[in-house]
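Step one of this worksheet: look at the structure below.
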Amino acid sequence: MTEHSYMNQALEQARAAADRGEVPVGAVLVDARTGAVLAADGNRTEERNDPTAHAEMLVIRQGASREGAPRLADCDLYVTLEPCPMCATAISFARLRRLYFGAYDPKGGGVEHGPRIYSQPTCHHAPEITGGLEETAAGDLLKDFFRERR
């Protein structure tokens, strides 16, 4: 599978999140050694009444549980929106190998915007980062979601 096919799976998760009334962000965690999808989910903050139930957090938790390890150094994360500071920090703590994200988030992002978590001297691990993967599709999904609510 290609990076685009994994991101398309993340976009499917984001659409499912939107159908549940959640902000449409989806994530897919992939074992880079085998190409197997370890976890896939979308935001569930409203459903679970949990401010930490972001798509990234959910798949990291699922992946760590599945692998029986707190660090996922051989895993790549695909997420439809630039991770917030909380999720960016969790990605660092999980020691993920690579981060691929779709739309940039100038207001709430923590990777290329805001606190730029991986550029801080206190950051112990920074993944390889590719931003803008399927950016238009991810951005349109978010814009449509918020336009319908205004």
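Some observations on this one:
- Cα pair distances of region 57-105 binned at 5 Å [whole percent]: 5, 22, 36, 24, 10, 3, 0
- Compactness check for region 1-147: Cα Rg over 2.2 N^0.38 Å is 0.94.
- Across region 72-83, computed HN-Hα scalar couplings (Karplus, 6.51 cos²θ - 1.76 cosθ + 1.60, θ = phi - 60°) run 10, 5, 9, 10, 10, 10, 10, 9, 6, 9, 3, x Hz from first to last residue, x flagging Gly and Pro.
- Label separation (Arg66 vs Phe146): 3.1 nm, computed from points 7 Å beyond Cα along the C-beta direction.
- When the Cα positions of Ala32, Met7, Leu72 are compared along the charge dipole of region 1-134, Leu72 comes out farthest toward the positive end, with charges on each C-beta of Lys, Arg, Asp and Glu.
- Over region 1-136, accessible surface divided per residue gives 46 Å², non-protein components excluded, 1.4 Å probe.
- The calculated 222 nm mean residue ellipticity attributable to helices in the chain amounts to -12000 deg cm²/dmol, summing -39500 (n - 2.57) over DSSP H runs of n ≥ 4 and dividing by all residues.
- About its Cα centre, region 36-118 has a charge dipole of approximately 260 debye under the convention of +1 per Lys or Arg Cβ and -1 per Asp or Glu Cβ, with nothing else charged.
- Taking the longest Cα principal axis of the chain as reference, the axis of helix 135-149 is set at about 40 degrees.
- Share of carbon and sulfur in the accessible heavy-atom surface of region 9-126 [1.4 Å probe, %]: 48 percent
- Taking every alpha-carbon pair under 8 Å whose residues sit at least 6 apart, the chain reaches a relative contact order of 20 percent.
- Using a Förster distance of 25 Å, the FRET efficiency for Glu47-Tyr104 (Cβ separation, nearest 0.05): 0.45
- Placing +1 on the Cβ of every Lys and Arg and -1 on the Cβ of every Asp and Glu, with nothing else charged, gives the chain a dipole about its Cα centre of roughly 340 debye.
The values are calculated or read from the model by the stated rules, or taken from the named source; none is laboratory data. What you see is a predicted model; the values in this text were computed from it and never measured. Positions of Cβ are generated from backbone atoms using ideal geometry, with glycine treated the same way; all protein chains shown enter the neighbour counts. Note: areas computed on protein heavy atoms with side chains; ligands, DNA, RNA excluded. Shrake-Rupley method; radii C 1.70, N 1.55, O 1.52, S 1.80 Å.
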